[in-house]
Amino acid sequence: MTTRSFLSVRRSLALAAVALLGAAACSGGSEEAAITAPVETTASEATTTTAGEATTTTAVEATTTTVAPVLIRQPLTGEPLASEAEIVERPAMAVKIDNHPGARRNHSGLAVADIVFEEKVEGSLTRFAAVLHTQDADPLGPIRSGREQDVALLSSLNEPLFAWSGGNPGVTALVRSSTLVDIGAPTYPGSYYRGAGSGPHNLYSDSDSLYSLTPEGHPGAPAAQFGYLDNGQVFAGAPGRNVSFSIGSIDIEWTWSDEAQRYERSQEGEAHIDKTYGRIGAENVVLLGVDYRQSSIDQNAPEAITVGSGLVSVFSNGEYLSGTWERELATSPFTLTVGDGQVIQLTPGQTWVELVEVSTPGEVPAFEVS
(Lines give C-alpha, C1' and ligand atoms only; values in the text may rest on other atoms or scores of the structure.)
Protein backbone atom coordinates (compact mmCIF):
# COMPACT_ATOMS: atom_id res chain seq x y z
CA MET A 1 0.00 0.00 0.00
CA THR A 2 1.36 3.38 -0.99
CA THR A 3 0.80 6.28 1.38
CA ARG A 4 1.53 9.86 0.55
CA SER A 5 4.61 11.11 2.30
CA PHE A 6 4.07 13.30 5.35
CA LEU A 7 7.65 14.57 5.54
CA SER A 8 7.17 17.59 3.27
CA VAL A 9 3.87 18.50 4.90
CA ARG A 10 5.46 18.23 8.32
CA ARG A 11 7.99 20.93 7.51
CA SER A 12 5.33 23.49 6.58
CA LEU A 13 3.22 22.57 9.59
CA ALA A 14 6.10 23.04 11.99
CA LEU A 15 6.54 26.60 10.75
CA ALA A 16 2.87 27.35 11.36
CA ALA A 17 1.75 25.88 14.67
CA VAL A 18 2.87 24.33 17.94
CA ALA A 19 0.99 23.44 21.14
CA LEU A 20 -0.43 25.91 23.67
CA LEU A 21 -3.33 25.19 25.91
CA GLY A 22 -6.44 24.76 23.90
CA ALA A 23 -9.93 25.31 24.87
CA ALA A 24 -12.50 23.03 23.33
CA ALA A 25 -10.08 20.13 22.81
CA CYS A 26 -11.18 16.56 23.00
CA SER A 27 -10.05 14.76 26.09
CA GLY A 28 -6.57 13.59 25.56
CA GLY A 29 -7.04 11.39 22.74
CA SER A 30 -10.17 11.99 20.81
CA GLU A 31 -9.78 13.91 17.60
CA GLU A 32 -9.43 17.65 18.10
CA ALA A 33 -12.71 19.35 17.43
CA ALA A 34 -11.67 23.01 17.21
CA ILE A 35 -15.25 24.26 17.50
CA THR A 36 -15.87 27.89 18.34
CA ALA A 37 -18.80 29.05 20.45
CA PRO A 38 -22.00 29.55 18.46
CA VAL A 39 -22.51 33.09 17.17
CA GLU A 40 -26.11 34.26 17.20
CA THR A 41 -27.49 36.99 15.01
CA THR A 42 -31.06 38.30 15.16
CA ALA A 43 -33.30 40.08 12.70
CA SER A 44 -36.65 41.71 13.49
CA GLU A 45 -39.72 41.30 11.35
CA ALA A 46 -42.76 43.56 11.84
CA THR A 47 -46.29 42.16 11.66
CA THR A 48 -49.05 44.79 11.49
CA THR A 49 -52.71 44.17 12.27
CA THR A 50 -55.35 46.79 11.57
CA ALA A 51 -58.74 46.76 13.31
CA GLY A 52 -60.75 49.82 12.38
CA GLU A 53 -58.55 52.76 13.27
CA ALA A 54 -56.37 50.78 15.71
CA THR A 55 -53.06 49.48 14.43
CA THR A 56 -50.73 47.13 16.42
CA THR A 57 -47.24 46.02 15.50
CA THR A 58 -45.63 42.80 16.87
CA ALA A 59 -41.86 42.23 16.62
CA VAL A 60 -40.85 38.67 15.63
CA GLU A 61 -37.24 37.67 16.35
CA ALA A 62 -35.42 35.38 13.89
CA THR A 63 -32.25 33.73 15.21
CA THR A 64 -29.43 32.11 13.25
CA THR A 65 -26.50 30.18 14.73
CA THR A 66 -23.09 29.87 13.09
CA VAL A 67 -20.74 27.07 14.16
CA ALA A 68 -17.17 26.68 12.88
CA PRO A 69 -16.62 23.36 11.04
CA VAL A 70 -14.80 20.46 12.64
CA LEU A 71 -11.12 20.41 11.67
CA ILE A 72 -10.33 17.09 9.99
CA ARG A 73 -6.92 15.61 10.84
CA GLN A 74 -4.71 12.58 10.44
CA PRO A 75 -5.25 10.83 13.77
CA LEU A 76 -1.65 10.23 14.87
CA THR A 77 0.01 13.40 13.57
CA GLY A 78 -2.76 16.01 13.81
CA GLU A 79 -2.07 17.04 10.21
CA PRO A 80 -5.01 19.21 9.02
CA LEU A 81 -6.76 17.77 5.96
CA ALA A 82 -9.07 19.15 3.31
CA SER A 83 -11.56 16.28 3.61
CA GLU A 84 -12.16 12.95 5.34
CA ALA A 85 -11.18 11.22 2.10
CA GLU A 86 -7.54 12.11 2.86
CA ILE A 87 -7.46 10.21 6.18
CA VAL A 88 -5.19 7.18 5.91
CA GLU A 89 -7.61 4.33 6.57
CA ARG A 90 -5.17 1.51 7.26
CA PRO A 91 -4.40 0.37 10.84
CA ALA A 92 -1.70 1.73 13.08
CA MET A 93 1.29 -0.63 13.16
CA ALA A 94 3.53 -0.81 16.24
CA VAL A 95 7.00 -2.20 15.57
CA LYS A 96 9.36 -3.15 18.41
CA ILE A 97 12.79 -1.77 17.50
CA ASP A 98 16.01 -2.68 19.26
CA ASN A 99 18.14 -0.04 21.02
CA HIS A 100 20.98 -2.32 22.02
CA PRO A 101 24.42 -0.87 21.16
CA GLY A 102 24.77 -3.56 18.51
CA ALA A 103 21.59 -2.38 16.76
CA ARG A 104 21.80 1.42 16.83
CA ARG A 105 23.97 1.87 13.76
CA ASN A 106 21.32 0.03 11.71
CA HIS A 107 18.16 1.78 12.93
CA SER A 108 15.71 2.18 10.06
CA GLY A 109 12.12 3.43 10.23
CA LEU A 110 12.23 5.41 13.47
CA ALA A 111 12.53 8.71 11.58
CA VAL A 112 9.24 8.17 9.72
CA ALA A 113 7.06 6.82 12.55
CA ASP A 114 4.10 9.00 13.53
CA ILE A 115 4.59 8.24 17.25
CA VAL A 116 7.49 6.53 19.01
CA PHE A 117 7.36 5.25 22.59
CA GLU A 118 10.66 4.64 24.36
CA GLU A 119 10.50 2.21 27.28
CA LYS A 120 12.99 0.74 29.73
CA VAL A 121 13.74 -2.97 29.41
CA GLU A 122 15.99 -5.36 31.34
CA GLY A 123 19.70 -4.65 31.47
CA SER A 124 18.85 -0.96 32.03
CA LEU A 125 18.57 -0.50 28.25
CA THR A 126 15.65 0.90 26.27
CA ARG A 127 13.54 -0.33 23.39
CA PHE A 128 11.22 1.50 21.00
CA ALA A 129 7.64 0.90 19.95
CA ALA A 130 7.54 2.79 16.64
CA VAL A 131 3.95 3.43 15.53
CA LEU A 132 3.60 3.79 11.76
CA HIS A 133 0.46 4.99 10.02
CA THR A 134 0.91 7.80 7.49
CA GLN A 135 4.31 6.77 6.16
CA ASP A 136 6.07 3.61 5.01
CA ALA A 137 9.52 2.26 5.83
CA ASP A 138 11.82 -0.15 4.00
CA PRO A 139 13.76 -1.59 5.70
CA LEU A 140 12.21 -1.56 9.16
CA GLY A 141 14.24 -2.64 12.17
CA PRO A 142 16.19 -4.16 13.77
CA ILE A 143 13.06 -5.77 15.21
CA ARG A 144 13.13 -7.32 18.67
CA SER A 145 10.86 -8.98 21.21
CA GLY A 146 7.85 -7.63 23.06
CA ARG A 147 7.18 -7.11 26.76
CA GLU A 148 4.16 -7.22 29.03
CA GLN A 149 4.12 -3.42 29.20
CA ASP A 150 3.52 -3.17 25.43
CA VAL A 151 -0.05 -4.43 25.72
CA ALA A 152 -1.30 -1.65 28.00
CA LEU A 153 0.82 0.97 26.25
CA LEU A 154 -0.52 0.27 22.74
CA SER A 155 -4.12 -0.84 23.31
CA SER A 156 -5.58 2.62 22.60
CA LEU A 157 -4.59 2.37 18.91
CA ASN A 158 -7.70 0.48 17.73
CA GLU A 159 -6.37 -3.05 17.32
CA PRO A 160 -2.88 -2.09 16.13
CA LEU A 161 -0.79 -4.52 14.13
CA PHE A 162 2.07 -5.66 16.37
CA ALA A 163 5.37 -6.50 14.64
CA TRP A 164 7.90 -8.20 16.91
CA SER A 165 10.42 -11.02 17.04
CA GLY A 166 8.38 -12.91 19.64
CA GLY A 167 8.50 -13.27 23.40
CA ASN A 168 8.39 -15.77 26.23
CA PRO A 169 5.25 -17.96 26.49
CA GLY A 170 3.59 -15.65 29.02
CA VAL A 171 4.07 -12.51 26.93
CA THR A 172 3.02 -14.35 23.76
CA ALA A 173 -0.21 -15.52 25.41
CA LEU A 174 -0.90 -12.00 26.72
CA VAL A 175 -0.41 -10.40 23.28
CA ARG A 176 -2.60 -12.96 21.54
CA SER A 177 -5.41 -12.49 24.07
CA SER A 178 -5.27 -8.69 23.76
CA THR A 179 -6.57 -6.29 21.10
CA LEU A 180 -3.08 -6.18 19.53
CA VAL A 181 -2.95 -8.07 16.22
CA ASP A 182 0.00 -10.46 16.26
CA ILE A 183 1.94 -10.19 12.98
CA GLY A 184 5.22 -11.22 14.60
CA ALA A 185 8.05 -13.28 13.15
CA PRO A 186 7.08 -16.53 14.91
CA THR A 187 3.62 -16.34 13.30
CA TYR A 188 4.72 -15.06 9.87
CA PRO A 189 8.40 -16.01 9.46
CA GLY A 190 8.28 -15.43 5.69
CA SER A 191 7.65 -11.71 6.23
CA TYR A 192 10.94 -11.18 8.09
CA TYR A 193 14.59 -11.63 7.18
CA ARG A 194 18.08 -11.43 8.65
CA GLY A 195 20.09 -8.44 7.48
CA ALA A 196 22.78 -6.03 8.65
CA GLY A 197 24.29 -6.68 12.07
CA SER A 198 24.81 -9.78 14.15
CA GLY A 199 22.09 -11.85 15.77
CA PRO A 200 19.82 -11.27 17.55
CA HIS A 201 20.11 -7.61 16.49
CA ASN A 202 19.59 -8.19 12.77
CA LEU A 203 15.91 -9.01 12.13
CA TYR A 204 14.12 -6.78 9.59
CA SER A 205 10.98 -6.40 7.53
CA ASP A 206 9.27 -3.56 5.65
CA SER A 207 5.93 -1.84 6.06
CA ASP A 208 4.43 -3.13 2.79
CA SER A 209 5.11 -6.75 3.74
CA LEU A 210 3.75 -6.26 7.23
CA TYR A 211 0.64 -4.34 6.16
CA SER A 212 -0.18 -7.19 3.78
CA LEU A 213 -0.82 -9.28 6.93
CA THR A 214 -3.73 -7.06 8.03
CA PRO A 215 -6.63 -9.40 8.80
CA GLU A 216 -9.85 -9.09 6.83
CA GLY A 217 -12.44 -7.02 8.64
CA HIS A 218 -9.94 -4.97 10.65
CA PRO A 219 -11.66 -1.79 11.97
CA GLY A 220 -9.11 0.47 10.27
CA ALA A 221 -7.48 3.73 11.31
CA PRO A 222 -6.58 4.47 14.94
CA ALA A 223 -8.25 7.08 17.08
CA ALA A 224 -6.44 10.34 17.74
CA GLN A 225 -4.05 10.04 20.67
CA PHE A 226 -3.52 13.71 21.50
CA GLY A 227 -5.07 17.14 21.04
CA TYR A 228 -3.46 19.46 18.47
CA LEU A 229 -3.22 23.17 17.83
CA ASP A 230 -5.41 24.86 15.26
CA ASN A 231 -3.95 26.63 12.25
CA GLY A 232 -2.29 29.87 13.33
CA GLN A 233 -1.78 28.78 16.96
CA VAL A 234 1.68 28.22 18.40
CA PHE A 235 2.86 26.30 21.44
CA ALA A 236 4.03 28.61 24.23
CA GLY A 237 5.51 27.88 27.64
CA ALA A 238 8.82 28.19 29.45
CA PRO A 239 12.04 28.20 27.38
CA GLY A 240 13.05 24.64 26.58
CA ARG A 241 15.35 24.46 23.59
CA ASN A 242 17.42 21.62 25.02
CA VAL A 243 16.24 18.87 27.35
CA SER A 244 18.32 15.99 28.69
CA PHE A 245 17.34 13.03 30.88
CA SER A 246 17.96 9.31 31.30
CA ILE A 247 15.89 6.16 30.90
CA GLY A 248 17.68 3.28 32.53
CA SER A 249 21.35 3.73 31.67
CA ILE A 250 20.64 5.55 28.38
CA ASP A 251 21.43 9.29 28.38
CA ILE A 252 19.11 11.12 26.00
CA GLU A 253 19.07 14.68 24.72
CA TRP A 254 16.61 16.54 22.49
CA THR A 255 17.79 19.82 20.93
CA TRP A 256 15.59 22.37 19.18
CA SER A 257 16.68 23.12 15.61
CA ASP A 258 15.71 26.52 14.24
CA GLU A 259 16.49 25.30 10.74
CA ALA A 260 14.37 22.14 10.91
CA GLN A 261 11.78 23.70 13.25
CA ARG A 262 11.72 20.55 15.37
CA TYR A 263 13.65 18.75 18.08
CA GLU A 264 16.53 16.46 17.10
CA ARG A 265 17.49 13.44 19.17
CA SER A 266 20.86 12.36 20.52
CA GLN A 267 21.69 9.44 22.80
CA GLU A 268 24.87 8.53 24.60
CA GLY A 269 26.42 11.78 23.35
CA GLU A 270 25.90 11.05 19.65
CA ALA A 271 23.35 12.28 17.11
CA HIS A 272 20.65 9.66 16.60
CA ILE A 273 20.58 8.76 12.91
CA ASP A 274 18.15 6.61 10.97
CA LYS A 275 20.35 4.72 8.48
CA THR A 276 17.71 5.01 5.73
CA TYR A 277 15.79 8.20 6.54
CA GLY A 278 18.34 10.47 8.21
CA ARG A 279 18.35 12.55 11.40
CA ILE A 280 15.77 11.44 13.94
CA GLY A 281 13.57 14.24 15.24
CA ALA A 282 10.06 15.21 16.28
CA GLU A 283 7.81 18.22 16.60
CA ASN A 284 6.76 17.09 20.09
CA VAL A 285 8.66 15.36 22.90
CA VAL A 286 6.52 14.12 25.80
CA LEU A 287 8.30 13.17 29.03
CA LEU A 288 5.85 10.89 30.81
CA GLY A 289 6.71 10.22 34.45
CA VAL A 290 5.87 6.55 35.10
CA ASP A 291 6.41 3.95 37.79
CA TYR A 292 8.26 0.82 36.69
CA ARG A 293 7.45 -2.40 38.51
CA GLN A 294 8.63 -5.97 38.08
CA SER A 295 6.71 -7.70 35.32
CA SER A 296 4.28 -10.32 36.58
CA ILE A 297 5.29 -12.52 33.64
CA ASP A 298 9.06 -12.07 33.58
CA GLN A 299 10.86 -11.32 36.84
CA ASN A 300 13.83 -9.91 34.93
CA ALA A 301 11.76 -7.35 32.98
CA PRO A 302 10.44 -4.00 34.21
CA GLU A 303 6.86 -3.00 33.49
CA ALA A 304 5.93 0.64 32.92
CA ILE A 305 2.59 1.49 34.56
CA THR A 306 0.79 3.55 31.92
CA VAL A 307 -2.78 3.30 33.21
CA GLY A 308 -3.55 5.73 36.02
CA SER A 309 -2.03 9.20 36.33
CA GLY A 310 1.24 11.03 36.84
CA LEU A 311 3.16 14.13 35.91
CA VAL A 312 4.29 15.10 32.42
CA SER A 313 6.41 17.70 30.64
CA VAL A 314 5.71 18.47 26.99
CA PHE A 315 8.31 20.09 24.73
CA SER A 316 7.40 21.78 21.44
CA ASN A 317 8.43 24.90 19.51
CA GLY A 318 11.54 25.26 21.71
CA GLU A 319 9.39 25.67 24.84
CA TYR A 320 7.73 23.39 27.37
CA LEU A 321 4.76 22.98 29.69
CA SER A 322 4.51 20.75 32.74
CA GLY A 323 1.25 19.22 33.86
CA THR A 324 -0.53 15.92 34.44
CA TRP A 325 -1.15 12.79 32.40
CA GLU A 326 -4.16 10.60 33.03
CA ARG A 327 -5.44 7.38 31.49
CA GLU A 328 -8.41 5.55 32.90
CA LEU A 329 -8.20 2.42 30.72
CA ALA A 330 -5.56 0.79 28.51
CA THR A 331 -7.91 1.34 25.58
CA SER A 332 -8.00 5.10 26.30
CA PRO A 333 -5.44 7.57 24.93
CA PHE A 334 -3.37 9.66 27.33
CA THR A 335 -4.97 12.91 28.48
CA LEU A 336 -2.36 15.64 29.00
CA THR A 337 -3.51 18.66 30.97
CA VAL A 338 -2.08 21.71 32.70
CA GLY A 339 -3.34 24.11 35.34
CA ASP A 340 -7.05 23.74 35.95
CA GLY A 341 -7.46 20.88 33.49
CA GLN A 342 -6.90 22.55 30.15
CA VAL A 343 -5.69 20.09 27.52
CA ILE A 344 -2.12 20.57 26.32
CA GLN A 345 -2.30 20.92 22.55
CA LEU A 346 0.58 19.54 20.49
CA THR A 347 2.08 20.85 17.28
CA PRO A 348 0.90 18.79 14.29
CA GLY A 349 3.70 16.42 13.38
CA GLN A 350 5.65 13.53 14.85
CA THR A 351 5.66 12.83 18.59
CA TRP A 352 8.08 10.89 20.81
CA VAL A 353 6.80 9.71 24.18
CA GLU A 354 9.61 9.04 26.64
CA LEU A 355 8.60 6.77 29.56
CA VAL A 356 10.84 8.32 32.21
CA GLU A 357 11.04 6.41 35.48
CA VAL A 358 10.11 8.20 38.71
CA SER A 359 11.15 6.87 42.11
CA THR A 360 7.76 7.69 43.62
CA PRO A 361 4.44 7.51 41.72
CA GLY A 362 3.24 11.02 40.94
CA GLU A 363 6.74 12.48 41.03
CA VAL A 364 7.99 14.94 38.39
CA PRO A 365 10.17 13.15 35.79
CA ALA A 366 13.77 14.29 36.23
CA PHE A 367 15.27 16.32 33.39
CA GLU A 368 17.59 19.24 32.77
CA VAL A 369 16.49 22.02 30.47
CA SER A 370 18.25 24.95 28.85
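Closer than 27 Å to GLN267 by Cβ and in contact with an Asp or Glu (Cβ under 8 Å, 6 or more places away or on another chain), is that true of PRO333?
no
Based on what the data block shows, is GLU253 over 22 Å from ALA94 (Cα atoms) and modelled with pLDDT of 95 or more?
Taking the combined requirement at face value, the residue satisfies it.
Here are some conditions: (1) of a type outside the set (A, V, I, L, M); (2) in contact (Cβ under 8 Å) with a residue 40 or more places away in the chain; (3) not in a strand (DSSP E or B). PHE162 meets all but one. Which one does it not meet?
(3)
Taking interchain pairs and intrachain pairs at least six residues apart, which have beta carbon atoms under 8 angstrom, with the first residue in the range 172-196 and within 19 Å of ASP98 (Cα to Cα) and open to solvent by 60 Å² or more (accessible area, probe 1.4 Å) and the second at pLDDT 95 or above and aromatic (Phe, Trp, Tyr)?
TYR193/TYR204; ARG194/TYR204
Every residue in the range 270-307 that is in contact (Cβ under 8 Å) with a residue 12 or more places away in the chain, touching a strand residue (DSSP E or B) at 6+ places or on another chain (Cβ under 8 Å) and aliphatic (A, V, I, L, M), please.
Hits for the range 270-307 are ILE273, ILE280, ALA282, VAL285, VAL286, LEU287, LEU288, VAL290, ALA301, ALA304, ILE305, VAL307.
Quick one: what pairs do we get from the range 342-370, first residue part of a loop (DSSP other than H, G, I, E, B), second among the hydroxyl-bearing types (Ser, Thr, Tyr) and open to solvent by less than 10 Å² (accessible area, probe 1.4 Å), C-beta under 7 Å, 6+ apart or different chains?
Listed by first residue and then by second, the contacts come to GLN345/TYR228; THR347/SER316; PRO348/THR77; PRO348/TYR228; GLY349/THR77; GLN350/THR77; PRO365/SER313; PHE367/SER313.
Restricting to the range 343-370, and then to whatever is among the hydroxyl-bearing types (Ser, Thr, Tyr) and open to solvent by 10 Å² or more (accessible area, probe 1.4 Å), can you tell me which residue is farthest from ALA94 (Cα to Cα)?
By that ranking, first place goes to SER370.
With LEU336, LEU321 as the choices, which residue is closer than 18 Å to TRP256 by Cβ, touching a strand residue (DSSP E or B) at 6+ places or on another chain (Cβ under 9 Å) and buried (at least 23 other Cβ atoms within 10 Å of the Cβ)?
Matching residue, one of LEU336, LEU321: LEU321.
In the range 200-309, which strands (runs of 3 or more DSSP E) lie fully inside it and hold 3 or more residues that are of a type in the set (S, T, N, Q)?
So the answer is 242-247.
Restricting to the range 210-228, and then to whatever is in contact with a helix residue (DSSP H, G or I) (Cβ under 9 Å, 6 or more places away or on another chain) and among the aliphatic types (A, V, I, L, M), can you tell me which residue is nearest to GLU319 (Cα to Cα)?
So the residue we want is ALA223.
For the range 292-316, give me each residue that is charged (D, E, K, R) and either under 16 Å from THR335 (Cβ atoms) or surrounded by fewer than 19 Cβ atoms within 10 Å (Cβ to Cβ) (or both).
Correct list: ARG293, ASP298.
Considering every residue within the range 264-286, establish whether at least one is open to solvent by 30 Å² or more (accessible area, probe 1.4 Å), within 19 Å of ILE115 (Cβ to Cβ) and charged (D, E, K, R).
Looking for residues that are open to solvent by 30 Å² or more (accessible area, probe 1.4 Å), within 19 Å of ILE115 (Cβ to Cβ) and charged (D, E, K, R), one finds at least one in the range 264-286, hence yes.
The values are calculated or read from the model by the stated rules, or taken from the named source; none is laboratory data. Because the structure is a prediction, the values reported are computed rather than measured. Because the Cβ atoms are built from the backbone with ideal geometry, glycine has one as well, and the counts that use them run over all protein chains shown. For accessibility, only protein heavy atoms count, side chains too; no ligands or nucleic acids. Shrake-Rupley method; radii C 1.70, N 1.55, O 1.52, S 1.80 Å.
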